[in-house]
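Right, one structure below, let's go through it.
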Protein chains: 2
Amino acid sequence: MIDFETFFKISYGLYIVSSGDKNSGNGYIANTVFQVTSTPARFVISCNKNNYTSELIQKHKTFSVSVLEINTPSEIFGIFGYKCGKDIDKFKGINIKYGETGVPIVLNSSVAYLEFKLEQAIDMGTHTMFIGELVNAEVLDDTKEPITYEYYRTVKKGFSPKNAPTYIDKAKLEKPRNEIDNKKYECDLCGYIYENSKETIKFNDLPDDWTCPVCGAEKSEFTEI
Amino acid sequence: MIDFETFFKISYGLYIVSSGDKNSGNGYIANTVFQVTSTPARFVISCNKNNYTSELIQKHKTFSVSVLEINTPSEIFGIFGYKCGKDIDKFKGINIKYGETGVPIVLNSSVAYLEFKLEQAIDMGTHTMFIGELVNAEVLDDTKEPITYEYYRTVKKGFSPKNAPTYIDKAKLEKPRNEIDNKKYECDLCGYIYENSKETIKFNDLPDDWTCPVCGAEKSEFTEI
């Protein structure tokens with residue numbers, strides 16, 4: 001028997017993984033980043049094949065990881081977590097620097113970044129594991145704490161989008177509830193669900209300038225489901 | 001340029017990874033565990049080839065991951081993090097259950113466990129990445145928080161042992177200091193270094209019943225270096 005609640009006991013940070021070059025670059029929010037070996041310093045990430053960044057990593061053989069800080073604003077999660085780089089230029093208005101390899105590196109809300117040369121790509125079905133050898137790494141702000149996935153999930157009420165390795169179908173977690181108001185409202189933009197039964201304020205009583213805690217969409221962009 | 005301080009910005013949990021069967025089992029402390037795909041639920045770990053558990057995973061084609069809680073006592077880190085299962089029976093006195101696959105699962109200080117069938121082993125030089133397909137997972141204690149590597153490092157003052165993927169040679173981090181007392185004392189058991197210049201109490205002024213914060217060794221087991 002698999003209890004999917006166990007998945008929330010695995011600790012992760014949150015990062016923007018980027019690839020490309022000065023002409024075309026893209027990045028996405030990732031939680032699955034870890035160090036594989038110490039000598040040489042190698043890291044691995046797991047990236048959905050549908051992510052545009054995945055294509056760019058395969059093409060440019062390089063990627064960067066920006067470590068997000070605890071107070072990263074919702075807009076950053078909205079742009080890099082819930083939109084596709086094939087539809088919009090995610091780097092528009094974003095503070096980018098280009099690494100030794102030419103890879104774009106996101107500096108907004110980042111406490112540090114690491115830059116990699118692609119060493120190996122391992123096919124995992126829906127995802128690819130990219131192994132990178134570290135070529136460059138810098139601390140950008142030592143006064144700020146990195147955000148954890150746990151913090152994002154419990155305090156910021158975010159969740160993994162469909163493409164994430166850690167995506168969980170909510171039906172698997174649903175438990176029966178006895179409350180009278182079970183109305184649910186889904187964000188058309190990112191899929192975040194506001195459930196009256198889990199909140200102290202009913203959706204309709206929220207102020208008009210309330211925005212989606214995950215992607216920053218306006219209240220009018222929610223649909224009752 | 002690589003600033004090794006960036007490595008501490010990557011978030012990890014802490015786990016006991018175990019393998020074997022009822023006759024011979026072993027486990028070690030790991031921080032490198034993450035989910036690779038959602039369908040099927042697959043996870044990856046990075047394991048040093050010198051770890052006895054690595055041999056057992058290759059032989060038994062199964063492994064378990066116990067998620068450690070925030071108040072895990074030093075003794076658990078001492079036994080599973082700094083001793084070798086070839087020398088001692090790490091499971092002596094430990095609360096073990098055997099999973100569907102027959103794999104041993106450590107229950108002490110664990111908030112949850114996950115049990116895997118080995119799907120793939122990927123050679124990474126000093127380490128092997130083991131990909132496991134999840135067959136069983138259970139929450140053991142939902143009232144306790146999982147420990148993070150950050151907490152272990154900053155609050156419990158632990159660090160990665162030599163076999164860990166995240167091991168850092170301390171010489172790479174050393175910065176010149178102007179303090180007068182630069183005496184250092186190394187734990188003979190686990191290699192933890194107590195530095196007078198970084199502590200409020202000098203080593204010699206510590207009480208006699210003080211023990212190594214990492215492995216629980218006695219004060220007499222420290223040597224000045």
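Descriptive notes on the structure:
- Residue count for region A:141-159 satisfying the condition of being more than 10 Å from chain B (Cβ to nearest Cβ) and in contact with a Phe, Trp or Tyr (Cβ under 6 Å, 6 or more places away or on another chain): 1.
- In this structure, B:ILE131 does not qualify as in a loop (DSSP other than H, G, I, E, B) and among the aliphatic types (A, V, I, L, M).
- Residues of region B:138-152 satisfying the condition of being touching a residue at least 40 places away in the same chain (Cβ under 8 Å), open to solvent by 30 Å² or more (accessible area, probe 1.4 Å) and of a type outside the set (Phe, Trp, Tyr): B:ASP141, B:LYS144, B:GLU145, B:THR148, B:GLU150
For (1) in contact with a Cys (Cβ under 6 Å, 6 or more places away or on another chain); (2) open to solvent by 20 Å² or more (accessible area, probe 1.4 Å), each residue gets a yes or a no:
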position: B:THR37; (1), (2): no, no
position: B:ILE57; (1), (2): no, no
position: B:ASN71; (1), (2): no, yes
position: B:GLY78; (1), (2): yes, no
position: B:LYS83; (1), (2): no, yes
position: B:ILE94; (1), (2): no, yes
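- Within region B:1-42, the set of residues being within 7 Å of another protein chain (Cβ to nearest Cβ) and closer than 16 Å to B:THR148 by Cα comprises B:PHE7, B:LYS9, B:ILE10, B:SER11, B:TYR12, B:GLY13, B:THR32, B:VAL33, B:PHE34.
- Flag if A:ASN50 is free of Cβ contacts under 8 Å to residues at least 12 places away in the same chain, open to solvent by 20 Å² or more (accessible area, probe 1.4 Å) and polar (S, T, N, Q): no
- Of all residues in region B:192-225, those being in contact with a Leu (Cβ under 8 Å, 6 or more places away or on another chain) and part of a loop (DSSP other than H, G, I, E, B) number 3.
- Under the condition of being under 20 Å from the mean Cα position of the chain (by Cα) and facing chain B (nearest Cβ under 8 Å), the residues counted in region A:126-140 number 4.
For (1) in a helix (DSSP H, G or I); (2) touching a helix residue (DSSP H, G or I) at 6+ places or on another chain (Cβ under 9 Å); (3) at pLDDT 90 or above, each residue gets a yes or a no:
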{"residue": "A:ASP141", "(1), (2), (3)": "no, no, yes"}
{"residue": "A:LYS144", "(1), (2), (3)": "no, no, yes"}
{"residue": "A:LYS156", "(1), (2), (3)": "no, yes, no"}
{"residue": "A:LYS162", "(1), (2), (3)": "no, no, no"}
{"residue": "A:ASP181", "(1), (2), (3)": "no, yes, no"}
{"residue": "A:CYS190", "(1), (2), (3)": "no, yes, no"}
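- Inside region A:101-125, residues that are at positive phi and more than 10 Å from every other protein chain (Cβ to nearest Cβ) make up a count of 2.
- Single match in B:VAL111, B:VAL44 (criterion: modelled with pLDDT of 95 or more and surrounded by 23 or more Cβ atoms within 10 Å (Cβ to Cβ)): B:VAL44
- Residue count for region A:119-137 satisfying the condition of being closer than 16 Å to A:TYR52 by Cα, among the aliphatic types (A, V, I, L, M) and open to solvent by 10 Å² or more (accessible area, probe 1.4 Å): 1.
- Restricting attention to region A:94-125, the residues that are assigned to a strand (DSSP E or B), free of Cβ contacts under 8 Å to residues at least 40 places away in the same chain and within 18 Å of the chain's Cα centre (by Cα) total 0.
- Condition broken by B:LYS90, with the remaining ones in (1) surrounded by 18 or more Cβ atoms within 10 Å (Cβ to Cβ); (2) in contact (Cβ under 8 Å) with a residue 12 or more places away in the chain; (3) not in a loop (DSSP other than H, G, I, E, B) satisfied: (3)
The values are calculated or read from the model by the stated rules, or taken from the named source; none is laboratory data. Keep in mind the model is a prediction, meaning the values are calculated, not measured. When we count neighbours, we look across all protein chains shown, and the Cβ atoms used for this are built from the backbone with ideal geometry, even at glycine. Side chains are part of the model used for accessible areas, which takes the heavy atoms of the whole protein and leaves out ligands, DNA and RNA. Shrake-Rupley method; radii C 1.70, N 1.55, O 1.52, S 1.80 Å.
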